[in-house]
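Worksheet for the structure shown next.
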Amino acid sequence: MEKTALKYVEKEVHQGKAFFRIFPGLCKGCGLCREKCPEEAISWSEELGVYGTPTVVADPEKCIACGACEQVCPDCAIAIERKAKEKE
Amino acid sequence: MEVMPKIPKSWNLETKPHKFCPGCGHGMVLKALGQAIDELGIQDRMVFGCDIGCSLLSWDFFNVDTVQTHHGRTTPVMVGVKRANPELIVVAYMGDGGGYAIGSQHLVNAATRDDKITVLLVNNTNYAMTGGQMAPTTMPGQKTETTPYGRDVSEAGYPMMGPEMVAAISHEGAYVARGSVAKFRRLKAYIKKALENQMAGRGFSFVEALSTCPTNWRTNAQQTWAFLEDQMTKQYPPGELKTPTGKEA
Ligand SMILES: Cc1ncc(C[n+]2csc(CCOP(=O)(O)OP(=O)(O)O)c2C)c(N)n1
Ligand code: SF4
Ligand code: SF4
Ligand code: SF4
Ligand SMILES: [Mg+2]
């Protein structure tokens with residue numbers, strides 16, 4: 001993996017209880033995650049992915065950190081992290 | 001602490017992003033397999049075999065010993081590896097064209113012989129790598145490069161029901177299931193059970209994964225999920241067909 005693949009863009013979501021992270025160096029802009037989000041929280045981002053296509057970003061007001069997008073991403077470009085788990 | 005993507009431990013990081021197209025179901029199936037390998041702790045004694053077709057793009061996908069061979073012949077190659085060293089856990093990974101058409105005799109004979117291997121077959125309803133020709137699994141009415149007016153079953157035959165066939169010809173300890181990348185957790189549970197069945201030496205294990213191929217289907221994200229979830233699952237009902245240890249809840 002190129003070093004650039006490790007770069008990520010992070011958003012605090014779910015009332016500050018979780019992080020939505022996107023790794024642009026892995027995202028191919030397929031859009032499958034957007035369709036699977038139960039909250040319609042995902043939109044296209046200014047940040048470009050590995051093929052120069054838009055990556056995705058979650059709306060902090062809408063995202064409930066359910067992890068559905070992370071699960072379906074064929075490229076493991078999304079990582080949802082709940083903060084509570086970190087403290088335990 | 002350095003933040004890393006949530007990539008299965010058994011994946012080879014050096015080769016990521018992987019070679020599959022945007023939105024390709026192969027990535028999801030191999031993620032499910034990777035997580036299953038991690039959870040079972042078998043990375044050190046795995047041998048992964050991939051076929052001709054887009055499945056071969058996984059030749060450097062995992063940090064496990066890997067071989068690549070021709071259409072459906074991945075099955076007998078992995079049978080050979082398993083017979084030479086039964087301690088190894090082997091997976092034969094292939095497409096629907098390789099497994100159900102060009103090399104289907106190998107699937108039939110391995111199931112009949114009850115070889116203690118795991119076959120994981122990706123059903124994307126076409127010959128993807130060669131540009132989207134009709135496969136045995138192409139849906140009735142589905143347009144492909146070789147069925148430009150849609151598959152006419154009176155001329156081109158009916159779709160192949162792989163797991164149903166394997167369930168019918170395999171023996172008592174066999175595990176047979178059909179999962180879908182749209183139901184990731186369940187697909188992973190099936191793959192895990194198929195590997196455990198091999199580890200317990202019970203019998204032949206077979207999982208078909210309903211998958212996506214946006215490139216040859218010429219679908220956007222919404223159409224991709226719709227074709228998989230609304231159409232493919234009607235023709236190919238997901239579920240477990242043969243379970244020596246009882247069904248998933
Ligand atoms: C004996 C032989 N016949 C034909 C080919 C050409 N060929 C390469 S890939 C492929 C299609 C593979 O389709 P499938 O197994 O469904 O895999 P997919 O690409 O869809 O994942 C074909 C026909 C070949 N390599 N070898
Ligand atoms: S975690 Fe759930 S709610 Fe948040 S963006 Fe992903 S799918 Fe949508
Ligand atoms: S599913 Fe993954 S690769 Fe596809 S757009 Fe979403 S984050 Fe990017
Ligand atoms: S052609 Fe289809 S099956 Fe092959 S990598 Fe692309 S999307 Fe996947
Ligand atoms: Mg195919």
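The values are calculated or read from the model by the stated rules, or taken from the named source; none is laboratory data. Treat the numbers as computed from the prediction; the structure is a model and nothing was measured. As a convention, Cβ positions derive from the backbone with ideal geometry for all residues, glycine included, and neighbour counts pool all protein chains shown. Remember, those area values only see protein heavy atoms, side chains included, never the ligands or the DNA or RNA. Shrake-Rupley method; radii C 1.70, N 1.55, O 1.52, S 1.80 Å.
Peptide B:26-34: average number of partner chain Cβ atoms within 10 Å per residue?
The mean count of partner-chain Cβ atoms within 10 Å per residue comes to 3.
Counting only heavy atoms of the protein chains, get the accessible area per residue of the protein assembly as shown (1.4 Å probe) and round it to a whole Å² value.
Details: 14540 Å² over 337 residues.
Result: 43 Å² per residue.
Please give me, ordered by residue number, the trypsin sites (Lys or Arg not before Pro) of the range A:1-85 that lie in loop per DSSP and have at most 15 other Cβ atoms within 10 Å.
A:Lys7, A:Lys17, A:Lys62
In terms of Cα to Cα distance under 12 Å, which aspartates and glutamates are near enough to A:Lys28, apart from those fewer than 8 places away along the same chain?
Hits, sequence-local ones excluded: A:Glu47, A:Asp75.
Quote the accessible area belonging to B:Met129 in square angstrom, nearest 10, computed with a 1.4 Å probe and with ligands, DNA and RNA left uncounted.
Surface open to solvent at B:Met129 totals about 90 Å².
So if each residue of separation counts as 0.36 nm, and I subtract the Cα-Cα distance between B:Ala226 and B:Ala168, what length gain in nm does that give?
Values: separation 58, 0.36 × 58 = 20.88 nm, distance 3.00 nm.
Stretched out fully, the B:Ala226 to B:Ala168 stretch lengthens by 17.9 nm.
Given springs between every Cα pair under 10 Å in a Gaussian network model of chain B, which of B:Leu210, B:Leu40, B:Leu195 has the largest fluctuation?
B:Leu40
So which lysines can B:Lys82 reach, going by Cα to Cα under 20 Å and dropping same-chain residues fewer than 8 places off?
Leaving aside lysines fewer than 8 places away in the same chain, those within reach of B:Lys82 are B:Lys116, B:Lys192, B:Lys193.
With runs of 4+ DSSP H residues as the only contributors, calculate the mean residue ellipticity of chain B at 222 nm using -39,500 (n - 2.57) per run, divided by the residue total and rounded to the nearest 500.
Calculated from helices alone, the mean residue ellipticity at 222 nm is -8500 deg cm²/dmol.
Cut-off 18 Å, label point 7 angstrom out along Cα-to-Cβ of B:Met199: give me the residues of the range B:67-98 whose amide nitrogen falls inside.
B:82, B:86-92
Between A:Cys66 and A:Glu47, what is the spin-label point distance in nm, taking each point 7 Å from the Cα along the Cα→C-beta axis?
2.3
Once you mark the trypsin sites (Lys or Arg not before Pro) that are in a DSSP loop and have at most 14 other Cβ atoms within 10 Å, what is the longest gap between them in chain B?
Free of exposed loop sites, the longest segment is B:10-217.
Give the lysines whose C-alpha is closer than 17 Å to that of A:Lys17, dropping any in the same chain fewer than 8 places away, or say none.
A:Lys62, A:Lys83, A:Lys85, A:Lys87
Along each of the three principal axes of the Cα atoms of the protein assembly as shown, give the extent in whole Å, ordering the values from largest to smallest.
Answer, in whole Å and largest first: 56, 49, 37 Å.
If you average the sequence gap of Cα pairs under 8 Å that are 6 or more apart and divide by the length of the range A:3-82, what percent do you get for the contact order?
That works out to 36 percent.
For the protein assembly as shown, give the magnitude of the charge dipole about the Cα centre (Cβ charges: +1 Lys/Arg, -1 Asp/Glu; no others), in debye to the nearest 20.
Dipole size: approximately 400 debye.
Let's see if you can work this out: charge +1 on each Lys and Arg Cβ, -1 on each Asp and Glu Cβ, no other charges. What is the dipole magnitude of the range B:13-242 about its Cα centre, in debye to the nearest 20?
Values: 22 positive and 21 negative charges, 51 e Å.
For the range B:13-242, the charge dipole is close to 240 debye.
Give me the percent of accessible area attributable to carbon and sulfur for the range B:13-242, probe 1.4 angstrom.
Ligands and nucleic acids excluded, carbon and sulfur reach 52 percent.
Once you keep just the Cα pairs under 8 angstrom separated by 6 or more residues, what percentage relative contact order results for chain B?
Value for chain B: 19 percent.
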